[in-house]
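Here is the structure we will look at, set down as structure tokens.
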Amino acid sequence: MPDANNPSAAPNPHLAQYQARGLKGRILSGVQPTGNLHLGNYLGAIRNFARLQSDYECLYCVVDMHAITVWQEPKDVIPQTREIAAAFLAAGVDGTKNAIFNQSAVPEHAQLAWIFNCVARLGWMNRMTQFKEKAGKDRENASLGLYAYPALMAADILIYKATHVPVGEDQKQHLELTRDIAVKFNNDFNVPDFFPVTEPLIFGAATRVMSLRDGTKKMSKSDPSDFSRINLTDDADAIAQKIRRAKTDPHPMPETLEDAEKRPDADNLLGIYAALADRGKADVIAEFAGKQFSEFKSALTDLAVTKLGPVGAEMQRLMKDPGHVDSVLKAGAEKARALAAPILADVYKTVGFLRP
């Protein structure tokens, strides 16, 4: 298997068709519609979606089927799906150039997932740490969907033969499973290179944004404290209040990277500033070294309002026009199905299914 950290270690035969068009490959990525879309989602994923679209053929998915692996109020799923789509558009993703769609509108995802359920091994699933984290102590009451959803994630990617997937550190294990499933399918059915061994795209500063109330915990939609996160729909006053109340320590600003790494709350705020400013963390530390947190927080507030304000305002505008958002999702689903259907037909033929 090619080394994920050294994609040039082996040629990828799936890339030639994109390179001929001046592109680097095809991307699939998605976000769950579970409410409270926040700064971590933006810096870790959504902002990068817009930046990738000039170099890759992109499919961006609202993964509503993944969302229901844990209980969701049905009345909330549709507006939250529109909110994610609005965030993609507000961040600069071109819905006419790329496919923006909700997962359940493309049934080929679920159809391929079943085949992958039969390819993946129980031992592989048992090693998935996110199931253990999400199921908690009461695993016997967790849904089968929560246990098996890494196979659906593999299907999300491979139904389009995506060559690259932007992932955070916490999703690397699932991408490794996707690669394992691709290789096993190709080997089991003697179809070399049918599915690509998808490569990860892992970005730099603040790919893992932590809670504003606890720098050792990831910023989360599900945290009961709204002050733990900056929501993308927060206005300038809310952003300022949350940054002002963000947890720090009694010392002045760190003076070195090594010092910052020992102080998780300070390190988190520095990483957020660096990511919003598109600067290296060491550069930001040098600018604020030894200064008081109040001065740094004031600068961070100004930066966050400048960068996030237009995104939040555009999201609010789009969410007041659900008909437009739905039309983008419908067109995206049609594009996605046009790509997925022939690949699924080849898979069905490969595994021996009769297609009358």
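The values are calculated or read from the model by the stated rules, or taken from the named source; none is laboratory data. Everything numeric here is computed off the predicted structure, so don't read it as measured data. Heads up, the Cβs are rebuilt from the backbone with ideal geometry, glycines too, and the neighbour counts pull from every protein chain shown. These accessible areas exclude ligands, DNA and RNA; they are computed on the full protein's heavy atoms, side chains included. Shrake-Rupley method; radii C 1.70, N 1.55, O 1.52, S 1.80 Å.
Quick rundown of the values:
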item	result
Residue within the stretch 210-221 that is in contact with a Phe, Trp or Tyr (Cβ under 8 Å, 6 or more places away or on another chain) and either in a helix (DSSP H, G or I) or open to solvent by 50 Å² or more (accessible area, probe 1.4 Å) (or both) present	yes
Answer residue from the stretch 60-82, given it is touching a Ser or Thr at 6+ places or on another chain (Cβ under 8 Å), at pLDDT 95 or above and not in a helix (DSSP H, G or I) and is farthest from Phe131 (Cα to Cα) among those	Tyr60
Residue in the stretch 148-167 that is more than 15 Å from the chain's Cα centre (by Cα) and farther than 29 Å from Gln53 by Cβ present	yes
Only listed residue being of a type in the set (A, V, I, L, M, F, W, C) and modelled with pLDDT under 95, chosen from Ala338, Ala286, Ala313, Ala333	Ala313
Qualifying residue in the stretch 313-322 (condition: more than 25 Å from Asn48 (Cβ to Cβ), surrounded by fewer than 17 Cβ atoms within 10 Å (Cβ to Cβ) and polar (S, T, N, Q))	no
Close pairs from the stretch 246-260: first outside any loop (DSSP other than H, G, I, E, B), partner aliphatic (A, V, I, L, M) and open to solvent by 40 Å² or more (accessible area, probe 1.4 Å), Cβ under 8 Å, at least 6 apart	Leu257/Ala282
Options Arg47, Arg51, Arg26, Arg21; residue that is open to solvent by 40 Å² or more (accessible area, probe 1.4 Å) and either outside any loop (DSSP other than H, G, I, E, B) or touching an Asp or Glu at 6+ places or on another chain (Cβ under 7 Å) (or both)	Arg51
Some residue of the stretch 320-342 being over 22 Å from Asn98 (Cα atoms) and not in a loop (DSSP other than H, G, I, E, B)	no
Test result for Pro196, in a loop (DSSP other than H, G, I, E, B), buried (at least 17 other Cβ atoms within 10 Å of the Cβ), modelled with pLDDT of 90 or more and more than 17 Å from the chain's Cα centre (by Cα)	yes
